[in-house]
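The numbers here are math on the coordinates, done by the rules we state, and not lab data. Keep in mind that this is a model prediction, so the values were computed, not measured. Note: ideal-geometry Cβ built from the backbone for every residue, glycine included; neighbour counts use all protein chains shown.
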Amino acid sequence: MVRCPNAALGLSQDQLDKIKAEFAEIDEDGDGQITAEELWKYLDGIVDFDDVEAVVKAQDKDGDGSVSLEEFLANEAANIKAA
């Protein structure tokens with residue numbers, strides 16, 4: 001039996017769809033990675049760029065300098081569980 005990723009994360013299909021849509025909106029160039037620059041633009045510059053870089057670094061578990069969909073999903077799932 002194949003497990004659904006959303007089940008492993010504890011997300012409903014609706015939650016998963018909404019998170020994926022938000023990721024796609026932030027990922028300006030559609031390369032499957034969110035950079036600090038893309039996130040800063042998405043936030044319309046209301047947050048200091050250094051703070052945005054810190055957020056990306058904290059979510060970047062593989063150390064490639066950006067946030068993948070998988071990293072984004074894991075972080076959002078943790079936020080939902082903590083709420």
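Under 23 Å from the Cα of LYS81, which lysines turn up, not counting those fewer than eight places away in the same chain?
Answer for LYS81, where 23 Å is the Cα cut-off: LYS18, LYS20, LYS57, LYS61, listed by chain and number.
Put a dot 7 Å past each Cα toward the Cβ at GLU70 and VAL47; how far apart are the dots in nm?
Each label point lies 7 Å from its Cα, and together they span 2.3 nm.
Taking trypsin sites (Lys or Arg not before Pro) that fall in a DSSP loop and have at most 12 other Cβ atoms within 10 Å as cut points, what is the longest piece of the chain between them?
After excluding every exposed loop site, the longest remaining stretch is 4-60.
Using only DSSP helix segments of four residues or longer, with each worth -39500 (n - 2.57), what per-residue ellipticity at 222 nm results for the chain after dividing by its residue count and rounding to 500?
Taking each H run of at least 4 residues, the total per residue is -18000 deg cm²/dmol.
Given the Cα-Cα distance of LYS81 and GLN15 and 0.36 nm per residue of separation, how much length would full extension add, in nm? Display every interim value, and only then the final one.
Working: separation 66, 0.36 × 66 = 23.76 nm, distance 1.19 nm.
Between LYS81 and GLN15, full extension yields 22.6 nm more.
Taking the Cα centre of the chain as origin and charging only Cβ (+1 Lys, Arg; -1 Asp, Glu), how large is the dipole, in debye to the nearest 20?
640 debye
Could you tell me which residue out of GLY65, TYR42, ALA54 lies farthest along the dipole of region 21-82 toward its positive end? Charges go on the beta carbon: Lys and Arg +1, Asp and Glu -1, centred on the Cα centre.
Sorting the options by dipole projection puts first ALA54.
Order of LEU11, LEU69 from fewest to most other C-beta atoms within 10 Å?
Listed from fewest to most nearby Cβ atoms, that is LEU69, LEU11.
Which one is right for this structure if Rg and Dmax of the Cα atoms in Å is calculated from it: (1) 11.6, 32; (2) 13.1, 46; (3) 12.4, 39?
Correct label, based on the coordinates given: (2).
Give the angle, between 0 and 90 degrees and rounded to the nearest 10, that separates the Cα long axis of helix 13-26 from the longest principal axis of the Cα atoms of the chain.
The two axes meet at around 20 degrees.
Defining a contact as two alpha carbons under 8 Å apart and six or more residues distant in sequence, what relative contact order in percent does the chain show?
It rounds to 28 percent for the chain.
Angle between the Cα long axis of helix 69-82 and the longest principal axis of the chain, 0 to 90 degrees, nearest 10?
So the helix axis and the longest Cα principal axis differ by about 80 degrees.
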